[in-house]
1. Would you check which residues across the stretch 16-42 are at pLDDT below 75 and part of a helix (DSSP H, G or I) and list them?
2. Hey, can you tell me all the residues within the stretch 64-74 that are of a type outside the set (Val, Ile, Thr) and either closer than 16 Å to residue 112 by Cα or surrounded by 15 or more Cβ atoms within 10 Å (Cβ to Cβ) (or both)?
3. Is it the case that some residue within the stretch 67-79 is over 30 Å from residue 14 (Cα atoms) and either assigned to a helix (DSSP H, G or I) or free of Cβ contacts under 8 Å to residues at least 24 places away in the same chain (or both)?
4. Need pairs with beta-carbon distance below 6 Å; first residue over 14 Å from residue 80 (Cβ atoms) and within the stretch 21-42, second modelled with pLDDT under 90 and in a helix (DSSP H, G or I); sequence gap 6+ or separate chains.
5. Being of a type in the set (S, T, N, Q), closer than 19 Å to residue 112 by Cα and surrounded by 14 or more Cβ atoms within 10 Å (Cβ to Cβ), is that true of even one residue in the stretch 21-37?
Amino acid sequence: MIFELEFRSDAIEEIKERINLEFLRQEDKDFLINILEGILSNQEEIDNIIKSHLQDWDFERISPVEKSILRIGIYELRYYKDTPPKVVINEAVELAKLFGKDKTPEFVNGVLGAVLREYGV
């Protein structure tokens, strides 16, 4: 969902409709809506957090996959709080392994680890 919005920022209502598919349990739907709306509501701050942890790298050069994974991870670390931080980082790294390039897991782990250390969440 977050990745799709990188390319289709006007698709939010369409995405929300897909979340309401019958095969999802209500608690899963609620979780997805919470994450989606939370990231969108806090995206500027989340992106600023990402930018503040980039070393010699430009935010615009980060791939949409990396941005999406980092936005989800930072949202969960800073705002959601129901998932233990180590689980958030581990899940983000696993997503990076599946969908990113060779260096994406290390990059995601480094940024989220720095966020965790800075904010002590």
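1. Initially, the stretch 16-42 is screened for residues at pLDDT below 75, giving 16-23.
Those that are at pLDDT below 75 and part of a helix (DSSP H, G or I): 16, 17, 18, 19.
2. Filtering the stretch 64-74 down to residues of a type outside the set (Val, Ile, Thr) leaves 64, 66-68, 70-71, 73.
Hits for the stretch 64-74 are 66, 67, 68, 70, 71, 73.
3. The first filter runs over the stretch 67-79 and keeps only residues over 30 Å from residue 14 (Cα atoms), leaving none.
Checked the stretch 67-79: no residue is over 30 Å from residue 14 (Cα atoms) and either assigned to a helix (DSSP H, G or I) or free of Cβ contacts under 8 Å to residues at least 24 places away in the same chain (or both).
4. Taking only residues 6 or more apart or on different chains, the pairs are 29/19.
5. Within the stretch 21-37, the first condition is being of a type in the set (S, T, N, Q), and the residues that meet it are 26, 34.
From what is left, the residues that are closer than 19 Å to residue 112 by Cα are none.
No, that holds for no residue.
The values are calculated or read from the model by the stated rules, or taken from the named source; none is laboratory data. This is a predicted model, so every value here is computed, not measured. Using ideal geometry, Cβ is built from the backbone for each residue, glycine included, and neighbour counts are taken over all protein chains shown.
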